[in-house]
Every structure is written in structure tokens, then in C-alpha cells.
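Each remark here refers to the structure printed beneath this line.
The values are calculated or read from the model by the stated rules, or taken from the named source; none is laboratory data. Quick caveat: nothing in here was measured; it's all calculated off a predicted structure. As a convention, Cβ positions derive from the backbone with ideal geometry for all residues, glycine included, and neighbour counts pool all protein chains shown. Ligands, DNA and RNA are stripped out before the accessible areas are found, and what is left, the full protein with its side chains, is counted by its heavy atoms. Shrake-Rupley method; radii C 1.70, N 1.55, O 1.52, S 1.80 Å.
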Amino acid sequence: MSNLIAQYGYLAVLVIVGLESFGIPVPGETTLITAALYAGATHNLNITGVVLAAIVGAILGDNLGYLVGHWGGYRLLVRYGRYIRFTEERIKVARYLFLRFGGEVVFFGRFVALLRAYAAFLAGTTRMPWRRFLVFNAAGGIAWATLYGGAAYLLGTQVDRVSRPLGTVFVIGGALAIVVGAVIIRRYEKRLAVAAEQAFPGPLTI
């Protein structure tokens, strides 16, 4: 990774972070931290440039993932969702939940490995309004790149003492939120279905 960053610099950060945000399982966060450490140790890269490259990669990759979900994932879900017990009613519930809480998922998902790769695709698949998605996506990308890039640059190799516990906190928090959310959805599925039908009346169209 260090050799890749030494050779391609900011471009490596932008591309790898962008690919991860798009949904390809590559080490985007590790690349950001490694580039920040390299900038601090050698000064061959500017930390501002590293953070900006990560922000641009995150936003571009997420928006591409959103578009794929919007134009591809949603159509597949409407056509074939019933085969995996994802009925039209449940699709509407998913869309309603992302309409209400999608901003939080997109923002905090930037700090959780699995959601960092797939939150944008899910937002597109549930047809979350693009402008709302863009605001929370940009805010999450800026916060994530600044926090992790800045911490690595300032703390050097000691960043593991901060980033690993912090990452664990976000993973545990994300897992708890998913479990609690699943329980609430299960318990209030009928009420949510009524609210979703009011928000998206009539049959779903592709």
C-alpha cells in the first residue's frame, strides 16, 4: 500500500476510496490512514491534499453507487423482490424508512465498513431523494476523511490506539442500531405499511 501511495499519491487515495464507496471491497479507510501517515513521515504529500482526495473519492464513489441502485437495484427489487419475500408492501416500507432516516444511515454509515461500501447503493435502491442523499453523503465524507486522515497525520503510528477502538464503537453501534431497527420494524410493520402506502400510493412503477 505504501508503494502504491508513494507512486500515485493523491490519485491512489481518490481511486481506492472511490471504489470502496462504489461498493467494491477494497481498503479505502486503510488507504486514507496510510496516505496520512506517509504525508506526516515524508512530507512528500500534503495532508490537506490527502483529505481532499479522500473526500472527492468518497462523494464520487457514493454517487455512482447511488445511481446504480436508483436505476438498477430498484428495478430488480420491484421485478424479482417477491422471490426473496420482498413484497411490494415491504419495498414501500423500505423506501419510507430511507425517506425518514436515510440521512442518518448515509452519514454514520461512512464510519462503518460494511455500510461504507453499500449505504449509497441502498439509498439509490430505495429511491432516497438525491439532494438529501448528497447533503448527508458529503457531510459524512468530509467528517470521515478529516477525522481519520487528521488523526493519522497528527498521531503517526499511534493512530491504531485511537482508530481501532473508535472503529469498534461504530461497528457495535451500527450493529445495535440494525438489531433495534429490525425489532421495531417487525413490531410495527403494519403501521409502517400504512404510512408507506400514504407516502407512495398506488402500485410501484419501474
Restricted to segment 91-100 and to residues being in contact (Cβ under 8 Å) with a residue 40 or more places away in the chain and over 22 Å from Ile172 (Cβ atoms), the residue surrounded by the most Cβ atoms within 10 Å (Cβ to Cβ) is Val93
Condition check for Arg85: on the phi > 0 side of the Ramachandran plot, at pLDDT below 90 and surrounded by fewer than 19 Cβ atoms within 10 Å (Cβ to Cβ) | yes
Would you check if there is a residue in segment 63-79 being of a type in the set (D, E, K, R) and within 17 Å of the chain's Cα centre (by Cα)?
-> no
Looking at Phe170, is it closer than 29 Å to Thr30 by Cβ, open to solvent by less than 70 Å² (accessible area, probe 1.4 Å) and at pLDDT below 65?
-> yes
Which residue out of Leu60, Leu67, Leu76 is surrounded by fewer than 17 Cβ atoms within 10 Å (Cβ to Cβ) and closer than 21 Å to Ile16 by Cα?
-> Leu67
Hey, does segment 13-29 have a residue that's among the acidic types (Asp, Glu) and over 13 Å from Ala145 (Cβ atoms)?
-> no
Verdict on Gly49 being at pLDDT 90 or above, surrounded by 21 or more Cβ atoms within 10 Å (Cβ to Cβ) and small (Gly, Ala, Ser) | no
Search result, residues across segment 101-135 that are open to solvent by less than 10 Å² (accessible area, probe 1.4 Å) and not aliphatic (A, V, I, L, M) | Gly102, Gly103, Gly109, Arg110, Gly124, Phe133
Mind checking whether some residue in segment 10-20 is modelled with pLDDT under 90, open to solvent by 20 Å² or more (accessible area, probe 1.4 Å) and among the β-branched types (Val, Ile, Thr)?
-> no
Look at Leu32 and say whether it is open to solvent by less than 60 Å² (accessible area, probe 1.4 Å), in a helix (DSSP H, G or I) and aliphatic (A, V, I, L, M).
-> yes
Close pairs from segment 130-154: first under 15 Å from Val13 (Cβ atoms), partner among the aromatic types (Phe, Trp, Tyr), Cβ under 7 Å, at least 6 apart | Trp144/Phe111
